[in-house]
Amino acid sequence: MTASNLVPVPIPDGVAALIGSCMPLGVLQAEIDAECAAREAMRFRAPLCGEDQVDREHALAALARANKILAAYNPGLVVRPGGPRS
């Protein structure tokens, strides 16, 4: 079975809390920051005015900072804008 055949299944809140309790707080915060930054970066569509371009670059920078922390902890946690996790 390939990854493309898999359907994402929601995780119950209790299970997510249990998983989160095993992770360092900095990693949990980075995961939240990465999800928010990826969502923010995807909000902008071309053509971009100067102000929107700056806002998108700021969101991508925040995503890169959060991904650096996530990749150091577990490379599988990296978030990509428009990817399956965002």
Seminar exercise, completed: Result for the chain: accessible area per residue, probe 1.4 angstrom, in square angstrom, of 72
Seminar exercise, completed: Of all stretches in the chain that avoid trypsin sites (Lys or Arg not before Pro) placed in a DSSP loop and having at most 16 other Cβ atoms within 10 Å, the longest is 1-44
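Which value at 222 nm does the chain reach when only helices count, each DSSP H run of 4 or more adding -39,500 (n - 2.57), with the total divided by all residues and rounded to the nearest 500 deg cm²/dmol?
On the way: 3 runs with 52 residues, N = 86.
Calculated at 222 nm, the ellipticity per residue is -20500 deg cm²/dmol.
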Exercise. How long, wide and thick is the chain, going by the Cα atoms along their three principal axes, in whole angstroms, largest first?
Worked result: 43, 32, 22
Exercise. Using alpha carbons only, how many degrees (0 to 90, rounded to 10) separate the axis of helix 25-43 from the longest principal axis of the chain?
Worked result: 40
Problem set entry | Cβ charges +1 (Lys, Arg) and -1 (Asp, Glu), total dipole of the stretch 22-77, debye | 140
For this session: Using only Cα atoms, find the angle between the long axis of helix 50-73 and the longest principal axis of the chain, and express it within 0 to 90 degrees, rounded to the nearest 10.
Result: 20
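At R0 = 25 Å, how high is the FRET efficiency between L6 and K68 if r is their beta carbon distance? Nearest 0.05 is fine.
That pair, L6 with K68, gives E of 0.40.
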Problem set entry | Fraction of accessible area attributable to carbon and sulfur, the stretch 22-77 (%, probe 1.4 Å) | 61
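The values are calculated or read from the model by the stated rules, or taken from the named source; none is laboratory data. The model shown is predicted, which means the values in this text are computed figures rather than measured ones. Because the Cβ atoms are built from the backbone with ideal geometry, glycine has one as well, and the counts that use them run over all protein chains shown. In case anyone asks, the SASA skips ligands and DNA or RNA and just uses the protein heavy atoms, side chains included. Shrake-Rupley method; radii C 1.70, N 1.55, O 1.52, S 1.80 Å.
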